[in-house]
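The next block holds one structure in the form of structure tokens; read it before the comments.
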Amino acid sequence: MGSSVGGVKERLERLVAAGICSVEDVDRCAAELEALAGGVDSETAEKQSRFFKALSDSMRLRMLRLLEAREMCVCEVMFALDLTQPTASYHLGILERAGLVKGRKQGKWVSYRLAKPGLVEGMRRLGLL
């Protein structure tokens, strides 16, 4: 999805000509925008996207708060939050892929804990929980 400075410049010139954008130095602005856009690589953006998507569901936030107390197996999470096993596993899997929780297999059971113990407290301090 990257674009060349020339492509950015051409689009800016069209916006300025149409009176939509009030950039005075199109060349400088195009170079600056390209440098800013290049500062966010797609791999980092994808990782951040997974993190924020994982936090965008109230059930997953409840799971994080639950796991703040201690490591729990899927069945404990199910009972505590009144979920079916597939639903609990689905949400825990999203949290795990985002790096927010870690699963540990014990025979046929999987127990989950917070990947970073201070995570929930940090979110609370930021007013997010």
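None of the figures in this text is laboratory data; all of them are computed from the coordinates on show. Treat the numbers as computed from the prediction; the structure is a model and nothing was measured. Quick reminder, even Gly has a Cβ in these numbers, built from the backbone with ideal geometry, and neighbours come from all protein chains shown.
Which of these, Gly103, Gly39, Gly118, has the largest mean-square fluctuation under a Gaussian network model of the chain (Cα springs below 10 Å)?
Gly39
Any idea how far apart Ala115 and Phe51 come out in nm if each label point goes 7 Å out from Cα toward Cβ?
Rounded to a tenth, the inter-label distance reads 0.9 nm.
Run lengths n ≥ 4 of DSSP H only: what is the helix-derived mean residue ellipticity at 222 nm for the chain, with -39500 (n - 2.57) per run over all residues, to the nearest 500?
Details: 7 runs with 79 residues, N = 129.
Mean residue ellipticity at 222 nm (helix-derived): -18500 deg cm²/dmol.
Of Ile20, Ile94, how do they rank once you tally other Cβ atoms within 10 Å and put the fewest first?
If I rank by nearby Cβ atoms, fewest first, I get Ile20, Ile94.
What is the sum of charges, Lys and Arg at +1 and Asp and Glu at -1, for the other residues whose Cβ falls under 10 Å from the Cβ of Glu68? Spell out each step's value before the answer.
Details: positive: Arg65, Arg70, Arg113, Arg124; negative: Glu121.
Around Glu68, the charge tally is +3.
Ranked by Cβ crowding within 10 angstrom, fewest neighbours first, how are Leu67, Leu119 ordered? Could you put the intermediate results ahead of the total?
On the way: Leu67 25, Leu119 17.
In increasing order of surrounding Cβ atoms, one gets Leu119, Leu67.
Taking only the alpha-carbon positions of the stretch 2-78 and ignoring solvent, what does the Debye formula give for the base-10 log of I(q)/I(0) at q = 0.11, 0.17 Å⁻¹?
-0.55, -0.76
Evaluate the charge dipole of the chain about its Cα centre and quote only its size in Debye, nearest 20, assuming +1 on the Cβ of each Lys and Arg and -1 on the Cβ of each Asp and Glu.
Values: 20 positive and 17 negative charges, 200 e Å.
Charge dipole of the chain: 960 debye, to the nearest 20.
What does the net charge come to around Gly7 if you take all other residues with beta carbon closer than 14 Å to its beta carbon, with K and R at +1 and D and E at -1? Don't skip to the end; give the middle numbers.
Working: positive: Lys9, Arg11, Arg14; negative: Glu10, Glu13, Asp27, Glu34.
Net charge around Gly7: -1.
Output the Cα-based Rg and Dmax of the stretch 47-125 in Å, rounding Rg to one decimal and Dmax to a whole number.
Final numbers for Rg and Dmax: 11.6, 37 Å.
Assuming R0 = 35 Å, what is the FRET efficiency of Glu43 and Asp82, from their Cβ-Cβ distance, to the nearest 0.05?
0.40
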